[in-house]
Amino acid sequence: MSPQTDPQMSQLTLAEKASLVVGAAFWETVSAGSIRSIMMTDGPHGLRKPIGGGDHLGLGDSVPATCFPPAAGIASSWNPALLERVGAAIGQEALEQGVAVVLGPGVNIKRSPLCGRNFEYFSEDPLVSGELGAAWVRGLQSRGVGASLKHFAANNQETNRMTVSAEVDERTLREIYLPAFERIVTREQPWTVMCSYNRVNGVYASENHWLLTEVLREEWGFEGLVVSDWGAVDERVPALVAGLDLEMPGPQKDSTDAVIDAVTSGELDEAVLDTAVARIRELVDRATGDRATGDRAESRSSVGVSTSSTTGLHHQLAREAAAESMVLLRNEGGILPLATAQSIGVIGEFARTPRIQGAGSSQVIPTRVDTALESIGQLAPVEFAPGYRFDPRVDPAPLIAEAVAVARRSDTVLLFVGLPDGDESEGYDRTHLGLPPAHLALIEAVAQANPRTVVVLTNGGVVSLEPWHDSVPVILETWLLGQAGGSAIADVVFGRVSPSGRLAESIPFRLQDTPSYLNFPGENDVVRYGEGVFVGYRYYETVDLPVRYPFGFGLSYTSFELTDLAASSRGAAVTVTNTGDRAGAHVVQVYVSAPKGELASPRRELRAFAKVALEPGESARVEFDLDDRAFSHWDTRTSSWVMPGGDYLIEVAHSAHDVAASATVTRRSPRPGPLTLDSRIADFLSHPVTGPILARAAGGAAERTEGGTSQLDMVASMPMRRLMRFPGVGSSLSQLPLLIRLANNPVVRGVASLFQRR
Ligand code: BGC
């Protein structure tokens, strides 16, 4: 039913409609006519339902909820099935709390490791971000709670996030920054999409018609509602016209008045307002169950503290998720897993006071918190030293001395270091990748005191492992693990669980090596995405720049082999075998390299992956589909995806830098378009009809040297029309228009192709 013929719509006054497209409060939408109010609150790694109204920066109190590992952690699981279960659990808690929409997932690409909010994002790769985000949305929405896919789009830094213009060419947007959104929208239809604060190529995301309407709705078929990030609307009327249905938070009297005035003066077509209101009503209907289950609204409790009987089960799930989120980076001498019959020095305040999540709007009040100190202490004899304080004013020297003494007395040391809370947050970016100086000094001293030192890292964004990497035999990257991180660390350290996390982002040697280094965070409110599509491993692998640990890397307590690759232009299959003596899980990664052509393409790009759990000695055949997009690039001339013909390399790999097997598949070139006088000389020469004729006419100029070049190569890129303007050339090619007509005749062309193939 169109909004114009909808009886419910005609019962609403202009003032009611204008009020509906702006929030009623911090987290609630307006109720008007038969349209009820619903609540939207943060996530996404747990529910943050504020107690008492305001505050979107995580500073106030919220209802206790299960705190799962934030995106940076759980992305390292590379396990969509896990993400789906976590999404469903959060959906369950939201349902119990009367929350209709959970504000997540955040699928922005980690363009630079400095982005202060990287802990809330999944990966530097759009496939990993899209697959994991889609699974989370699927899980959440299976409970009848809506997702809010954010922050759409090109919100890849916190510096000046409300005003900065991300200057990104369209190919880069299409290939890197939009595909995760596209995958989730086209596959899962999230109930809402949240536009970002920033401008995209000069236009605020909230006012970007190309983004919010042409791409999101017309191309991808989005059916839900577009909501603003909290405070992202600059001017309400242009935003409404661009496709921004709901402004949050509210009320904003100036916005409501502006909409009324614009309709009254005829500047705004009321139908545009009606469309936005209709989408709000649809969202409310979905959330309150009017259309679906009818009575679900009544089963919701809208107040109170979570008393869910599932709290314990969800904590267990959080523990499982945390164990899968850790990435074992180094394990010289197989020090891990540890035997319980030894003395363990647990050093570092993080073991006693864990940092379970990042700062800002996503902060959850956990239902409980497991500490590593306690969990490890339940399994082995432990001596603890804090090693540092979070307060930088405290002199570290005596704390380090105490830690060294503990390290000397212990068989093995578990040394907890990382980034304290204030070092990374929503709202600002980091300026360097280093650990705090006190932590660096502690690592040096403890590693000297005990050669069996296991560094356990806590950090949301990538940290540098220099200069200390080689001085310790073991490094376990735990990111931020949520409320059950402490017990999960014990599970991994003592081998109850074999680590199976893989890096969803590269760890560079130096900040200067990162592809966005010269263009981050921009200047004068403009950030130029100068590295184009060469983000993360796409850059390191293409320019052959060593990194400390590549994208996709992670160790296990067992080992895996990939054999018997079979590949075609539709997919690949490979056998994965657990060749060690413990159960474990491996992430099989499939990369595709495009043939060398006109487009500068990354050395390899991840096009499929699967996580496979195997018993010792067990094998599995894993099959991957590769669709046309796996072989396509965005062509700015035709504004469409194109699939160049040629030889593509399919590589199955353990990481972006460790290829186990490869195969070449050939894709036929798509039929070139019809020849015109604007076609290039090269197009004429490769055409089955005109090619042989022109080559003969050119005589010696068409002959190739031993090096494979000919004199014609000099003019190959020249449009025919230009060549004909040269003195004497035009008259000698007077028959060309006739030849072009002939060449474009399908029958003539078909016959000529047959001769060409011979
Ligand atoms: C953040 C969003 C969040 C919203 C509501 C904004 O500052 O960018 O991610 O959902 O606040 O708290």
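The values are calculated or read from the model by the stated rules, or taken from the named source; none is laboratory data. Given the structure is predicted, the values throughout are model-derived calculations rather than measurements. Glycine also receives a Cβ, built like all others from the backbone with ideal geometry; neighbour counts cover every protein chain displayed. Areas reflect the complete protein model, heavy atoms only, side chains present, ligands, DNA and RNA absent. Shrake-Rupley method; radii C 1.70, N 1.55, O 1.52, S 1.80 Å.
How many residues are open to solvent by 10 Å² or more (accessible area, probe 1.4 Å) and within 21 Å of SER62 (Cβ to Cβ) if we restrict to the stretch 98-131? Residues in the stretch 98-131 being open to solvent by 10 Å² or more (accessible area, probe 1.4 Å) and within 21 Å of SER62 (Cβ to Cβ): 1 in total.
The residue pairs whose first member lies in the stretch 720-741 and is within 14 Å of PHE684 (Cβ to Cβ) and without any contact (Cβ under 8 Å) to a residue 60 or more places away in the chain, whose second member is β-branched (Val, Ile, Thr) and open to solvent by 50 Å² or more (accessible area, probe 1.4 Å), and whose beta carbons are closer than 7 Å, counting only pairs six or more residues apart or on different chains, are LEU739/ILE693. Within the stretch 713-746, being open to solvent by 100 Å² or more (accessible area, probe 1.4 Å) and of a type in the set (A, V, I, L, M) holds for one residue alone: MET714.
Among the residues of the stretch 161-180, is there at least one that is among the aromatic types (Phe, Trp, Tyr) and either under 18 Å from ASP429 (Cα atoms) or surrounded by fewer than 23 Cβ atoms within 10 Å (Cβ to Cβ) (or both)? No: zero hits. Given the condition surrounded by fewer than 24 Cβ atoms within 10 Å (Cβ to Cβ), of a type in the set (Gly, Ala, Ser), modelled with pLDDT of 95 or more and within 16 Å of the ligand (Cβ to nearest atom), answer yes or no: does some residue in the stretch 203-210 qualify? The answer is no; no qualifying residue exists. Condition check: open to solvent by 70 Å² or more (accessible area, probe 1.4 Å), of a type in the set (Val, Ile, Thr) and under 29 Å from PHE553 (Cα atoms). Does THR638 satisfy that? For THR638, the condition - open to solvent by 70 Å² or more (accessible area, probe 1.4 Å), of a type in the set (Val, Ile, Thr) and under 29 Å from PHE553 (Cα atoms) - is not met. Which of the residues that make up the stretch 334-359 are over 25 Å from SER556 (Cβ atoms) and either open to solvent by less than 10 Å² (accessible area, probe 1.4 Å) or modelled with pLDDT of 95 or more (or both)? Once the filter is applied, which keeps residues that are over 25 Å from SER556 (Cβ atoms) and either open to solvent by less than 10 Å² (accessible area, probe 1.4 Å) or modelled with pLDDT of 95 or more (or both), the stretch 334-359 yields SER343, GLY345, ILE347, GLU349, ARG352, THR353, ARG355, GLN357, GLY358.
Put simply, of LEU244, LEU317, LEU240 the only residue that is under 25 Å from PRO70 (Cα atoms), at pLDDT 95 or above and of a type outside the set (S, T, N, Q) is LEU317.
Within the stretch 355-386, being among the hydrophobic types (A, V, I, L, M, F, W, C), part of a loop (DSSP other than H, G, I, E, B) and within 16 Å of the ligand (Cβ to nearest atom) holds for VAL364, ILE365.
Among the residues of the stretch 320-333, just one is open to solvent by 10 Å² or more (accessible area, probe 1.4 Å) and either closer than 13 Å to THR478 by Cβ or without any contact (Cβ under 8 Å) to a residue 60 or more places away in the chain (or both), namely GLU324. The conditions of being outside any loop (DSSP other than H, G, I, E, B) and among the acidic types (Asp, Glu) are met by ASP564.
Of all the numbered requirements in (1) in contact with a Gly (Cβ under 6 Å, 6 or more places away or on another chain); (2) open to solvent by 20 Å² or more (accessible area, probe 1.4 Å); (3) within 19 Å of LEU283 (Cβ to Cβ), GLU188 misses one, and that requirement is (1). Looking at the stretch 61-80, which of the residues that are hydroxyl-bearing (Ser, Thr, Tyr) and surrounded by 24 or more Cβ atoms within 10 Å (Cβ to Cβ) is nearest to GLY584 (Cα to Cα)? Taking the candidates together, the pick is SER77.
Summed over the stretch 174-216, residues that are in a helix (DSSP H, G or I) and closer than 18 Å to GLU247 by Cα total 8. Listed conditions (1) open to solvent by 40 Å² or more (accessible area, probe 1.4 Å); (2) farther than 30 Å from LYS49 by Cα; (3) of a type outside the set (D, E, K, R); (4) in contact with a strand residue (DSSP E or B) (Cβ under 8 Å, 6 or more places away or on another chain) are all met by ALA380, apart from (1). Is it true that ALA287 is more than 16 Å from the ligand (Cβ to nearest atom), hydrophobic (A, V, I, L, M, F, W, C), modelled with pLDDT of 95 or more and in contact with a Phe, Trp or Tyr (Cβ under 9 Å, 6 or more places away or on another chain)? In short, yes. Mind checking whether some residue in the stretch 477-484 is open to solvent by 20 Å² or more (accessible area, probe 1.4 Å) and either more than 21 Å from CYS67 (Cα to Cα) or within 27 Å of the chain's Cα centre (by Cα) (or both)? No, the conditions are met nowhere in the stretch 477-484. Residues that are part of a strand (DSSP E or B) and open to solvent by less than 30 Å² (accessible area, probe 1.4 Å): does the stretch 524-543 have at least one? There is at least one residue in the stretch 524-543 that is part of a strand (DSSP E or B) and open to solvent by less than 30 Å² (accessible area, probe 1.4 Å). Just one residue in the set ARG408, ARG389, ARG496 is touching a helix residue (DSSP H, G or I) at 6+ places or on another chain (Cβ under 7 Å), surrounded by fewer than 18 Cβ atoms within 10 Å (Cβ to Cβ), modelled with pLDDT of 95 or more and assigned to a loop (DSSP other than H, G, I, E, B); that residue is ARG389.
Answer yes or no as to whether SER301 is under 30 Å from ALA490 (Cβ atoms), at pLDDT below 95, among the hydroxyl-bearing types (Ser, Thr, Tyr) and part of a loop (DSSP other than H, G, I, E, B). So SER301 does not fit the description; no. Being open to solvent by less than 30 Å² (accessible area, probe 1.4 Å), farther than 26 Å from ARG319 by Cβ and in a loop (DSSP other than H, G, I, E, B) is true of LEU465. Looking across the stretch 590-635 at every residue that is among the polar types (S, T, N, Q) and within 21 Å of ARG502 (Cβ to Cβ), the one that is surrounded by the most Cβ atoms within 10 Å (Cβ to Cβ) is identified as SER593.
Table: residues versus (1) of a type outside the set (D, E, K, R); (2) more than 14 Å from the ligand (Cβ to nearest atom); (3) in a helix (DSSP H, G or I).
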| position | (1), (2), (3) |
| --- | --- |
| LEU95 | yes, yes, yes |
| VAL102 | yes, no, no |
| ASN108 | yes, no, no |
| LEU114 | yes, yes, no |
| VAL128 | yes, yes, yes |
| TRP136 | yes, yes, yes |
| SER148 | yes, no, no |
| HIS151 | yes, no, no |
| GLU158 | no, no, no |
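Within the stretch 411-426, if we keep just the residues that are in contact with a strand residue (DSSP E or B) (Cβ under 8 Å, 6 or more places away or on another chain) and assigned to a loop (DSSP other than H, G, I, E, B), the residue that is most open to solvent (accessible area, probe 1.4 Å) turns out to be ASP411. It is to be established whether one or more residues within the stretch 436-450 are closer than 23 Å to GLY73 by Cβ, touching a residue at least 40 places away in the same chain (Cβ under 8 Å) and open to solvent by 10 Å² or more (accessible area, probe 1.4 Å). So far as the stretch 436-450 goes, yes, one or more of its residues are closer than 23 Å to GLY73 by Cβ, touching a residue at least 40 places away in the same chain (Cβ under 8 Å) and open to solvent by 10 Å² or more (accessible area, probe 1.4 Å).
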